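A short worksheet on the structure shown next.
The values are calculated or read from the model by the stated rules, or taken from the named source; none is laboratory data. Quantities reported herein were computed from a predicted structural model and do not represent experimental measurements. Heads up, the Cβs are rebuilt from the backbone with ideal geometry, glycines too, and the neighbour counts pull from every protein chain shown. Keep in mind that these areas ignore ligands, DNA and RNA; they rest on the heavy atoms of the full protein, side chains included. Shrake-Rupley method; radii C 1.70, N 1.55, O 1.52, S 1.80 Å.
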Amino acid sequence: MTPATNAPAFYEGKAKRLFRGSKGEILHEFKNSATAFNGQKKAEFDGKGELNSKMSAALFNYLRSKGIESHFVRWDSPNILVTRELRMIPAEIVVRNIVAGSLAKRLGLVEGAAIEPPIVEWFLKDDAKGDPQVSEDVLISLFDQKADLLKEMRTTALLVNRHLRELFTTVNLKLVDFKLEFGLDDQNKLTLGDEISPDTCRIWDSQSNEKYDKDRFRFDLGDLMTGYREIWARLVKVL
Ligand code: UDP
């Protein structure tokens with residue numbers, strides 16, 4: 001469904017289409033498509049856009065209640081996240097509490113081992129290059145990023161981790177890892193952007209370690225939406 005503005009999308013990515021709303025707002029229309037391995041694997045899932053937009057809205061709201069500001073303004077039915085416009089920082093920051101995914105592969109580590117204290121990793125946001133892992137120094141010296149902003153991003157990402165971990169624990173879920181993106185608002189204030197959903201987080205059952213996130217799709221571990229709905233059903237009870 002296209003938002004009511006009738007204007008065409010000004011950007012289309014793998015999981016979202018972006019439209020300009022009134023008052024400088026951005027409408028993020030969450031698509032039902034899922035992609036993995038830099039777009040090589042693709043499929044459509046009924047209800048995914050709605051669920052991910054709802055979950056992102058609820059989690060941004062929760063973080064706001066803990067003092068962490070984001071671009072989030074409101075949610076519009078059925079699959080629209082309305083936000084403020086940010087000038088995005090071309091880096092993805094990943095926080096990890098448990099070994100999984102590219103970290104396990106890169107270092108030959110056993111998936112599931114606890115990481116204490118949690119670690120932060122940086123990736124360059126550049127699809128054409130396959131979002132390579134980079135250091136803070138690379139972002140500063142080669143990609144024109146400001147050291148103090150990266151420091152603030154790191155601190156905020158770890159704070160987000162603390163709050164989300166606490167929330168997920170109360171509903172018997174483990175927050176394994178997740179990716180955040182940040183931007184600067186019209187006051188040049190560092191602000192959390194993008195989305196927080198099972199597309200961008202790894203989330204396991206606390207007891208069984210069953211995977212409820214996008215790894216179900218990446219590695220054919222079971223119906224994707226069954227996992228996403230399980231996370232949402234647990235979270236709505238406490239959000
Ligand atoms: N992630 C993401 N977008 C990306 C890459 C990673 O949202 O382009 C998320 C991913 O879902 C996981 C975390 O960031 O929750 C860490 O991902 P990892 O580096 O292990 O890469 P992956 O195995 O997902 O390729």
Revision key, fill the gap. The size of the Cβ-based charge dipole (Lys, Arg +1; Asp, Glu -1) of the range 99-145 about the Cα centre, to the nearest 20 debye, is 200
Study note, to complete from the structure: In Å², rounded to a whole number, the accessible area per residue of the range 1-153 with probe 1.4 Å is 52
Practice item. Mind giving me the nanometre distance, one decimal, between the label points for SER33 and TYR11, set 7 Å out from Cα along Cα→Cβ? Key: 1.6
Practice item. Treating only the Cβ atoms of Lys and Arg (+1) and Asp and Glu (-1) as charged, compute the dipole magnitude of the chain about its Cα centre; round to the nearest 20 debye. Key: 300
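I need the peptides 178-189, 193-204 ranked by packing, meaning the mean over residues of other C-beta atoms within 10 angstrom, with the highest value on top.
193-204, 178-189
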Review point. In terms of the Cα gyration tensor, with a ≥ b ≥ c the square roots of its eigenvalues, is the chain rounded because a/c is under 1.5, prolate because a/b exceeds b/c, or oblate?
Key: rounded
Review point. Of SER33, LEU235, PHE60, whose Cα points farthest to the positive end of the dipole of the chain (charges on the beta-carbon: +1 Lys, Arg; -1 Asp, Glu; origin at the Cα centre)?
Key: LEU235
Revision key, fill the gap. The size of the Cβ-based charge dipole (Lys, Arg +1; Asp, Glu -1) of the range 20-117 about the Cα centre, to the nearest 20 debye, is 160
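With each run of n ≥ 4 DSSP H residues scored as -39500 (n - 2.57), what mean residue ellipticity at 222 nm is computed for the chain after dividing by its residue count and rounding to the nearest 500 deg cm²/dmol?
Numbers: 6 runs with 72 residues, N = 239.
Value at 222 nm, helices only: -9500 deg cm²/dmol.
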Review point. Under a plain spin-label model, where a point goes 7 Å from the Cα along Cα-to-Cβ, how far apart in nm are SER77 and GLN40?
Key: 4.2
**Study point:** Alpha carbon convex hull of the range 57-152, projected area averaged over orientations, nm²
**Key:** 8.6
Review point. Of LEU167, LEU150, LEU124, whose Cα points farthest to the positive end of the dipole of the range 112-239 (charges on the beta-carbon: +1 Lys, Arg; -1 Asp, Glu; origin at the Cα centre)?
Key: LEU167
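Can you list which of the DSSP-assigned H helices in the chain have a Cα extent of 24 Å or more along the long axis and an average Kyte-Doolittle score of at least 1.0?
Details: long enough: 48-65 (25 Å, -0.40); 147-170 (35 Å, -0.09).
Going by DSSP H runs, there are no hits.
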Check your understanding: If the cut-off is a Cα-Cα distance under 17 Å, which aspartates and glutamates reach LYS211, setting aside same-chain residues fewer than 8 apart in sequence?
Key -> GLU111, ASP177, ASP199, ASP220, ASP223, GLU230
Point to revise | VAL171 paired with ASP144, simple spin-label distance in nm, labels 7 Å along Cα-to-beta-carbon | key: 4.1
Revision key, fill the gap. In the chain the accessible area split gives carbon plus sulfur, as whole percent at 1.4 Å, a share of 52
